[in-house]
Ligand code: KG4
Ligand code: ZN
(Lines give C-alpha, C1' and ligand atoms only; values in the text may rest on other atoms or scores of the structure.)
(Ligands and ions follow the chains in the order given, each with its own letter.)
Protein backbone atom coordinates (compact mmCIF):
# COMPACT_ATOMS: atom_id res chain seq x y z
CA UNK A 1 0.00 0.00 0.00
CA UNK A 2 2.87 2.35 0.72
CA UNK A 3 3.70 2.49 -3.00
CA UNK A 4 0.21 3.35 -4.20
CA UNK A 5 -1.36 6.79 -4.02
CA UNK A 6 -4.27 6.41 -1.62
CA UNK A 7 -5.81 9.38 0.05
CA UNK A 8 -6.11 8.43 3.68
CA UNK A 9 -7.68 10.34 6.53
CA UNK A 10 -6.00 9.89 9.89
CA UNK A 11 -8.62 10.05 12.66
CA UNK A 12 -7.76 10.70 16.31
CA UNK A 13 -10.20 10.28 19.23
CA UNK A 14 -9.42 11.00 22.90
CA UNK A 15 -12.65 12.51 24.26
CA UNK A 16 -13.12 10.12 27.19
CA UNK A 17 -11.25 6.96 28.21
CA UNK A 18 -10.36 5.44 24.84
CA UNK A 19 -7.19 6.52 23.05
CA UNK A 20 -7.89 5.78 19.40
CA UNK A 21 -6.41 6.31 15.94
CA UNK A 22 -7.62 5.04 12.57
CA UNK A 23 -6.95 5.31 8.86
CA UNK A 24 -9.94 5.55 6.55
CA UNK A 25 -10.10 6.12 2.79
CA UNK A 26 -12.09 8.96 1.22
CA UNK A 27 -14.76 6.48 0.17
CA UNK A 28 -15.19 5.08 3.67
CA UNK A 29 -13.06 1.96 3.77
CA UNK A 30 -11.38 1.25 7.13
CA UNK A 31 -7.67 0.53 6.71
CA UNK A 32 -6.93 0.39 10.43
CA UNK A 33 -8.84 1.08 13.63
CA UNK A 34 -6.80 0.97 16.84
CA UNK A 35 -8.45 1.53 20.23
CA UNK A 36 -6.55 1.46 23.53
CA UNK A 37 -9.15 1.32 26.26
CA UNK A 38 -8.29 2.73 29.66
CA UNK A 39 -11.29 1.02 31.29
CA UNK A 40 -9.15 -1.17 33.57
CA UNK A 41 -7.23 1.85 34.80
CA UNK A 42 -10.44 3.61 35.85
CA UNK A 43 -12.25 0.50 37.15
CA UNK A 44 -10.76 0.80 40.62
CA UNK A 45 -12.33 4.28 40.95
CA UNK A 46 -15.72 3.08 39.66
CA UNK A 47 -15.71 5.58 36.77
CA UNK A 48 -13.51 7.77 34.60
CA UNK A 49 -11.18 10.09 36.53
CA UNK A 50 -10.53 12.99 34.13
CA UNK A 51 -6.97 13.78 35.21
CA UNK A 52 -5.97 10.12 35.10
CA UNK A 53 -7.51 9.86 31.61
CA UNK A 54 -5.57 12.88 30.30
CA UNK A 55 -2.26 11.52 31.54
CA UNK A 56 -2.91 8.10 30.07
CA UNK A 57 -3.87 9.64 26.70
CA UNK A 58 -0.50 11.41 26.72
CA UNK A 59 1.30 8.10 27.19
CA UNK A 60 -0.77 6.24 24.62
CA UNK A 61 -1.37 8.68 21.79
CA UNK A 62 1.96 8.23 19.98
CA UNK A 63 2.09 4.41 20.19
CA UNK A 64 -1.57 4.21 19.11
CA UNK A 65 -0.86 6.48 16.09
CA UNK A 66 2.11 4.32 15.12
CA UNK A 67 0.03 1.18 15.49
CA UNK A 68 -2.69 2.61 13.24
CA UNK A 69 -0.09 3.28 10.53
CA UNK A 70 1.56 -0.11 10.99
CA UNK A 71 -1.61 -2.17 10.78
CA UNK A 72 -2.69 -0.24 7.67
CA UNK A 73 0.78 -0.77 6.16
CA UNK A 74 0.87 2.99 5.61
CA UNK A 75 3.24 5.91 6.31
CA UNK A 76 2.54 9.49 7.33
CA UNK A 77 3.13 10.37 3.64
CA UNK A 78 -0.03 8.44 2.71
CA UNK A 79 -2.16 10.71 4.93
CA UNK A 80 -3.81 13.71 3.27
CA UNK A 81 -5.87 15.05 6.17
CA UNK A 82 -5.94 14.72 9.95
CA UNK A 83 -9.30 14.54 11.74
CA UNK A 84 -9.73 14.94 15.48
CA UNK A 85 -12.57 15.07 18.01
CA UNK A 86 -12.70 18.65 19.31
CA UNK A 87 -15.95 18.38 21.36
CA UNK A 88 -17.83 17.35 23.47
CA UNK A 89 -15.88 15.41 26.10
CA UNK A 90 -13.44 15.74 28.99
CA UNK A 91 -11.49 18.89 28.26
CA UNK A 92 -8.06 17.63 29.32
CA UNK A 93 -8.56 14.39 27.39
CA UNK A 94 -9.70 16.23 24.24
CA UNK A 95 -6.71 18.56 24.39
CA UNK A 96 -4.27 15.65 24.11
CA UNK A 97 -5.87 14.50 20.85
CA UNK A 98 -6.11 18.02 19.47
CA UNK A 99 -2.44 18.72 20.25
CA UNK A 100 -1.36 15.45 18.62
CA UNK A 101 -3.49 16.16 15.53
CA UNK A 102 -2.08 19.67 15.19
CA UNK A 103 1.49 18.37 15.46
CA UNK A 104 1.03 15.71 12.79
CA UNK A 105 -0.91 17.99 10.43
CA UNK A 106 1.31 21.04 10.87
CA UNK A 107 4.57 19.16 10.33
CA UNK A 108 3.26 17.84 7.00
CA UNK A 109 1.33 20.94 5.94
CA UNK A 110 -1.88 18.94 5.94
CA UNK A 111 -5.39 20.28 6.54
CA UNK A 112 -6.99 19.51 9.90
CA UNK A 113 -10.66 18.58 10.29
CA UNK A 114 -12.38 19.35 13.63
CA UNK A 115 -15.03 16.73 14.37
CA UNK A 116 -18.03 16.73 16.72
CA UNK A 117 -17.94 13.43 18.62
CA UNK A 118 -21.71 12.94 18.19
CA UNK A 119 -21.42 13.45 14.42
CA UNK A 120 -18.66 10.84 14.63
CA UNK A 121 -21.01 8.28 16.21
CA UNK A 122 -23.57 8.89 13.43
CA UNK A 123 -20.80 8.63 10.81
CA UNK A 124 -19.99 5.10 12.03
CA UNK A 125 -22.95 4.22 9.78
CA UNK A 126 -21.29 5.76 6.70
CA UNK A 127 -18.33 3.39 6.70
CA UNK A 128 -18.21 0.43 4.37
CA UNK A 129 -19.73 -2.08 4.07
CA UNK A 130 -22.84 -0.55 5.72
CA UNK A 131 -22.49 2.81 3.90
CA UNK A 132 -25.93 3.99 5.08
CA UNK A 133 -27.51 6.90 3.20
CA UNK A 134 -29.73 9.48 4.96
CA UNK A 135 -32.52 10.26 5.58
CA UNK A 136 -33.06 8.35 8.83
CA UNK A 137 -33.71 8.99 12.50
CA UNK A 138 -30.74 7.99 14.63
CA UNK A 139 -30.86 6.83 18.24
CA UNK A 140 -27.51 7.77 19.75
CA UNK A 141 -27.10 6.03 23.10
CA UNK A 142 -23.72 6.19 24.81
CA UNK A 143 -22.12 6.79 28.18
CA UNK A 144 -22.39 10.55 27.78
CA UNK A 145 -25.46 11.04 25.55
CA UNK A 146 -28.89 9.70 24.73
CA UNK A 147 -30.46 11.45 21.78
CA UNK A 148 -32.83 11.08 18.89
CA UNK A 149 -31.36 12.77 15.84
CA UNK A 150 -32.99 13.70 12.56
CA UNK A 151 -30.35 12.97 9.90
CA UNK A 152 -31.09 14.42 6.46
CA UNK A 153 -27.56 14.54 5.07
CA UNK A 154 -24.17 13.13 5.98
CA UNK A 155 -22.77 16.50 7.03
CA UNK A 156 -24.93 16.96 10.11
CA UNK A 157 -28.03 16.24 12.20
CA UNK A 158 -30.82 17.96 14.12
CA UNK A 159 -31.59 17.02 17.74
CA UNK A 160 -35.19 15.82 18.21
CA UNK A 161 -34.83 14.68 21.82
CA UNK A 162 -32.21 14.25 24.51
CA UNK A 163 -31.89 12.99 28.06
CA UNK A 164 -33.00 15.29 30.85
CA UNK A 165 -30.66 13.62 33.36
CA UNK A 166 -28.54 10.46 32.96
CA UNK A 167 -27.52 8.96 29.62
CA UNK A 168 -28.55 5.35 28.89
CA UNK A 169 -24.94 4.14 29.14
CA UNK A 170 -24.57 6.03 32.41
CA UNK A 171 -27.69 4.22 33.68
CA UNK A 172 -26.07 0.91 32.74
CA UNK A 173 -22.82 1.91 34.46
CA UNK A 174 -24.51 3.14 37.64
CA UNK A 175 -26.74 0.04 37.73
CA UNK A 176 -23.71 -2.21 37.34
CA UNK A 177 -22.05 -0.43 40.22
CA UNK A 178 -25.07 -1.02 42.47
CA UNK A 179 -24.99 -4.68 41.47
CA UNK A 180 -21.26 -4.93 42.19
CA UNK A 181 -20.36 -5.63 38.55
CA UNK A 182 -17.55 -3.09 38.12
CA UNK A 183 -16.88 -0.46 35.47
CA UNK A 184 -17.81 -0.09 32.65
CA UNK A 185 -21.03 -1.85 33.38
CA UNK A 186 -23.03 -2.05 30.16
CA UNK A 187 -21.39 -5.15 28.87
CA UNK A 188 -21.38 -6.84 32.29
CA UNK A 189 -25.15 -6.26 32.70
CA UNK A 190 -25.73 -7.44 29.12
CA UNK A 191 -23.92 -10.72 29.86
CA UNK A 192 -25.43 -11.36 33.31
CA UNK A 193 -28.94 -10.50 32.05
CA UNK A 194 -28.87 -13.57 29.81
CA UNK A 195 -29.09 -15.76 32.93
CA UNK A 196 -31.87 -13.75 34.57
CA UNK A 197 -35.63 -13.23 34.31
CA UNK A 198 -36.39 -9.79 32.77
CA UNK A 199 -39.90 -9.83 34.25
CA UNK A 200 -38.76 -10.62 37.82
CA UNK A 201 -38.78 -6.93 38.79
CA UNK A 202 -40.88 -4.14 37.31
CA UNK A 203 -38.72 -1.06 37.19
CA UNK A 204 -40.44 2.19 36.20
CA UNK A 205 -39.70 3.82 32.88
CA UNK A 206 -40.07 7.59 33.23
CA UNK A 207 -42.48 9.29 30.85
CA UNK A 208 -41.35 12.78 29.96
CA UNK A 209 -42.97 15.07 27.38
CA UNK A 210 -41.87 15.17 23.75
CA UNK A 211 -39.07 12.95 22.56
CA UNK A 212 -36.78 13.40 25.56
CA UNK A 213 -35.49 10.67 27.88
CA UNK A 214 -35.02 10.33 31.65
CA UNK A 215 -33.13 7.53 33.40
CA UNK A 216 -32.36 8.82 36.90
CA UNK A 217 -35.56 7.41 38.46
CA UNK A 218 -34.72 3.96 37.19
CA UNK A 219 -31.37 3.98 38.95
CA UNK A 220 -33.08 5.00 42.20
CA UNK A 221 -35.60 2.15 41.83
CA UNK A 222 -32.73 -0.32 41.47
CA UNK A 223 -31.02 1.20 44.50
CA UNK A 224 -34.14 0.59 46.63
CA UNK A 225 -34.45 -3.01 45.43
CA UNK A 226 -30.80 -3.73 46.15
CA UNK A 227 -30.92 -2.05 49.56
CA UNK A 228 -33.77 -4.32 50.67
CA UNK A 229 -31.76 -7.48 50.03
CA UNK A 230 -29.31 -9.23 52.36
CA UNK A 231 -25.91 -9.98 50.73
CA UNK A 232 -26.74 -13.65 50.04
CA UNK A 233 -30.16 -12.69 48.65
CA UNK A 234 -28.53 -10.11 46.40
CA UNK A 235 -26.14 -12.75 45.06
CA UNK A 236 -29.10 -15.01 44.27
CA UNK A 237 -31.15 -12.26 42.60
CA UNK A 238 -28.35 -10.42 40.79
CA UNK A 239 -29.07 -11.90 37.36
CA UNK A 240 -32.83 -11.19 37.70
CA UNK A 241 -32.09 -7.62 38.75
CA UNK A 242 -29.70 -7.14 35.82
CA UNK A 243 -32.19 -8.60 33.33
CA UNK A 244 -35.10 -6.51 34.65
CA UNK A 245 -33.02 -3.34 34.77
CA UNK A 246 -31.77 -3.85 31.22
CA UNK A 247 -35.34 -4.57 30.07
CA UNK A 248 -36.49 -1.21 31.49
CA UNK A 249 -33.72 0.75 29.71
CA UNK A 250 -34.34 -1.04 26.42
CA UNK A 251 -38.10 -0.49 26.76
CA UNK A 252 -37.58 3.24 27.27
CA UNK A 253 -35.33 3.52 24.23
CA UNK A 254 -37.56 1.45 21.96
CA UNK A 255 -40.70 3.34 23.08
CA UNK A 256 -39.16 6.64 21.95
CA UNK A 257 -38.01 5.18 18.67
CA UNK A 258 -41.54 3.88 18.02
CA UNK A 259 -43.13 7.19 19.03
CA UNK A 260 -41.04 9.27 16.65
CA UNK A 261 -42.70 7.36 13.82
CA UNK A 262 -39.74 7.48 11.46
CA UNK A 263 -39.66 5.16 8.48
CA UNK A 264 -35.96 4.43 8.80
CA UNK A 265 -34.17 4.04 12.12
CA UNK A 266 -30.48 3.68 12.91
CA UNK A 267 -28.78 3.03 16.26
CA UNK A 268 -25.25 4.10 17.26
CA UNK A 269 -23.10 4.61 20.39
CA UNK A 270 -21.82 2.27 23.10
CA UNK A 271 -25.31 1.14 24.15
CA UNK A 272 -26.01 0.11 20.53
CA UNK A 273 -23.77 -2.88 21.38
CA UNK A 274 -26.46 -4.12 23.79
CA UNK A 275 -27.76 -7.48 22.63
CA UNK A 276 -31.34 -6.97 23.88
CA UNK A 277 -31.59 -3.55 22.21
CA UNK A 278 -30.27 -4.98 18.93
CA UNK A 279 -32.88 -7.75 19.03
CA UNK A 280 -35.65 -5.32 20.00
CA UNK A 281 -35.08 -3.21 16.87
CA UNK A 282 -34.90 -5.82 14.10
CA UNK A 283 -35.61 -3.37 11.27
CA UNK A 284 -33.10 -0.71 12.37
CA UNK A 285 -29.70 -0.13 10.79
CA UNK A 286 -27.29 -0.99 13.61
CA UNK A 287 -23.73 0.29 13.86
CA UNK A 288 -21.34 -2.68 13.60
CA UNK A 289 -20.34 -3.92 17.07
CA UNK A 290 -16.71 -2.85 16.65
CA UNK A 291 -17.85 0.72 15.88
CA UNK A 292 -20.43 1.20 18.67
CA UNK A 293 -18.08 2.22 21.46
CA UNK A 294 -15.66 5.11 20.96
CA UNK A 295 -13.21 4.70 18.09
CA UNK A 296 -11.36 6.90 15.60
CA UNK A 297 -12.65 5.31 12.38
CA UNK A 298 -16.00 7.04 12.99
CA UNK A 299 -14.17 10.36 13.50
CA UNK A 300 -12.29 9.98 10.20
CA UNK A 301 -15.58 8.98 8.58
CA UNK A 302 -17.35 12.14 9.78
CA UNK A 303 -14.39 14.25 8.58
CA UNK A 304 -15.27 13.33 4.99
CA UNK A 305 -18.33 15.60 5.34
CA UNK A 306 -16.78 18.50 7.29
CA UNK A 307 -14.98 21.56 5.89
CA UNK A 308 -11.23 21.13 6.59
CA UNK A 309 -9.20 23.93 8.18
CA UNK A 310 -6.23 24.81 5.94
CA UNK A 311 -2.60 24.72 7.14
CA UNK A 312 -1.63 26.48 9.43
CA UNK A 313 -4.82 28.33 10.51
CA UNK A 314 -5.81 25.53 12.86
CA UNK A 315 -2.95 26.14 15.27
CA UNK A 316 -5.37 28.34 17.20
CA UNK A 317 -8.06 25.65 17.30
CA UNK A 318 -9.32 24.77 20.77
CA UNK A 319 -11.17 21.83 22.27
CA UNK A 320 -14.37 22.38 24.22
CA UNK A 321 -16.16 20.26 26.78
CA UNK A 322 -19.71 20.93 25.63
CA UNK A 323 -21.65 20.28 22.43
O1 KG4 B 1 -19.95 5.48 22.95
P2 KG4 B 1 -19.20 5.13 24.18
O3 KG4 B 1 -17.96 4.28 24.03
O4 KG4 B 1 -18.70 6.40 24.96
C5 KG4 B 1 -19.37 7.62 25.00
O6 KG4 B 1 -19.30 8.40 24.02
O7 KG4 B 1 -19.99 7.86 26.07
O8 KG4 B 1 -20.22 4.44 25.17
C9 KG4 B 1 -19.82 3.85 26.38
C10 KG4 B 1 -21.05 3.35 27.09
C11 KG4 B 1 -20.77 2.90 28.52
O12 KG4 B 1 -21.71 3.51 29.37
C13 KG4 B 1 -20.97 1.39 28.47
O14 KG4 B 1 -21.43 0.84 29.68
C15 KG4 B 1 -21.99 1.26 27.36
O16 KG4 B 1 -21.62 2.22 26.41
N17 KG4 B 1 -22.01 -0.09 26.76
C18 KG4 B 1 -23.06 -0.92 26.81
C19 KG4 B 1 -22.67 -2.12 26.19
N20 KG4 B 1 -21.38 -1.98 25.76
C21 KG4 B 1 -21.00 -0.72 26.11
N22 KG4 B 1 -24.28 -0.76 27.35
C23 KG4 B 1 -25.14 -1.78 27.26
N24 KG4 B 1 -24.83 -2.97 26.69
C25 KG4 B 1 -23.62 -3.18 26.14
N26 KG4 B 1 -23.34 -4.36 25.57
ZN1 ZN C 1 -18.88 8.24 22.30
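Screening the candidates 253, 281 for the property of being under 17 Å from the mean Cα position of the chain (by Cα), assigned by TED's automatic domain parsing to the domain that holds residue 168 and either under 27 Å from residue 174 (Cβ atoms) or away from ligand 1 (no atom under 15 Å from the Cβ) (or both) yields one hit, 253. Taken as a whole, the structure leaves residue 159 outside the set of residues that are in the same structural domain as residue 40 (by TED's automatic domain parsing) and either touching a residue at least 40 places away in the same chain (Cβ under 8 Å) or in a strand (DSSP E or B) (or both).
Screening residue 272 against (1) touching a helix residue (DSSP H, G or I) at 6+ places or on another chain (Cβ under 6 Å); (2) closer than 21 Å to residue 169 by Cα; (3) within 13 Å of ligand 2 (Cβ to nearest atom) leaves a single unmet condition, (1). Within the group 266, 272, which residue is crowded, with 23+ Cβ neighbours inside 10 Å, touching a strand residue (DSSP E or B) at 6+ places or on another chain (Cβ under 7 Å) and over 19 Å from residue 185 (Cβ atoms)? Exactly one residue qualifies, and that residue is 266. Answer yes if at least one residue in the range 133-153 is modelled with pLDDT of 95 or more and on the phi > 0 side of the Ramachandran plot, and no otherwise. No, that holds for no residue.
In the range 308-321, the residue that is nearest to ligand 2 (Cβ to nearest atom) out of those that are part of a helix (DSSP H, G or I) and touching a residue at least 40 places away in the same chain (Cβ under 8 Å) is 314.
Taking the range 182-200 as the range and being closer than 11 Å to residue 245 by Cβ and either part of a loop (DSSP other than H, G, I, E, B) or out of contact with any helix residue (DSSP H, G or I) (no Cβ under 8 Å at 6 or more places or on another chain) (or both) as the test, the residues that pass are 185, 196, 198, 200. Of the residues making up the range 285-307, those that are assigned to a strand (DSSP E or B) and without any contact (Cβ under 8 Å) to a residue 24 or more places away in the chain number 1.
Residue check: residue 255 meets all listed conditions (1) buried (at least 16 other Cβ atoms within 10 Å of the Cβ); (2) away from ligand 2 (no atom under 16 Å from the Cβ); (3) part of a helix (DSSP H, G or I) but one, namely (1).
The values are calculated or read from the model by the stated rules, or taken from the named source; none is laboratory data. Just so we're clear, the structure is a prediction, and the values are computed from it rather than from any experiment. Quick reminder, even Gly has a Cβ in these numbers, built from the backbone with ideal geometry, and neighbours come from all protein chains shown.
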